[in-house]
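The values are calculated or read from the model by the stated rules, or taken from the named source; none is laboratory data. These numbers come from a predicted model, not from an experiment. Because the Cβ atoms are built from the backbone with ideal geometry, glycine has one as well, and the counts that use them run over all protein chains shown.
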Amino acid sequence: MTENNSVHDTTRDRVMRGWSDVLNLWRLCNRTACRRTRACGGKPLQCFKLNFPLLPEGVRAWFEGVGQAQDQKLTFDEAMEWLDTTDAGEAFREWTKAVKASVPRQQTLQ
Ligand SMILES: [Zn+2]
């Protein structure tokens, strides 16, 4: 790794940042900066790798479902529609709701 700032942003970084937002990974991130900005900032791929395993199981299943949908060439909307009908979709909604509910009281913890 030679990059030393976040300006260096590959397509992959952008994709991972998008997913970090969708999955609310910043909520689990141990970087103060990520929690403060409510987005995984610096190195999205790194944040993703660190925080993804901390997500509730159903949410991880949801994300895997997105991958499966992509393999089957579903559009994003079709994928969401399908996932909404699954347990994983339910887990994802619960997670999103929990994060939203936690935000107003959220303070910097360190
Ligand atoms: Zn982060």
Long-range neighbours under 8 Å by Cβ, at least six apart or interchain, first residue within 17 Å of Arg93 (Cβ to Cβ) within the range 9-30, second of a type in the set (Gly, Ala, Ser): Asp21/Ala39; Arg27/Ser102
Test for Phe63: is it within 16 Å of the ligand (Cβ to nearest atom), of a type outside the set (D, E, K, R), surrounded by 14 or more Cβ atoms within 10 Å (Cβ to Cβ) and modelled with pLDDT of 90 or more: no
Which listed residue is under 12 Å from the mean Cα position of the chain (by Cα) and within 11 Å of the ligand (Cβ to nearest atom), from Leu23, Leu55, Leu50: Leu50
Lone unmet requirement of (1) in a helix (DSSP H, G or I); (2) of a type in the set (A, V, I, L, M, F, W, C); (3) free of Cβ contacts under 8 Å to residues at least 40 places away in the same chain for Leu74: (1)
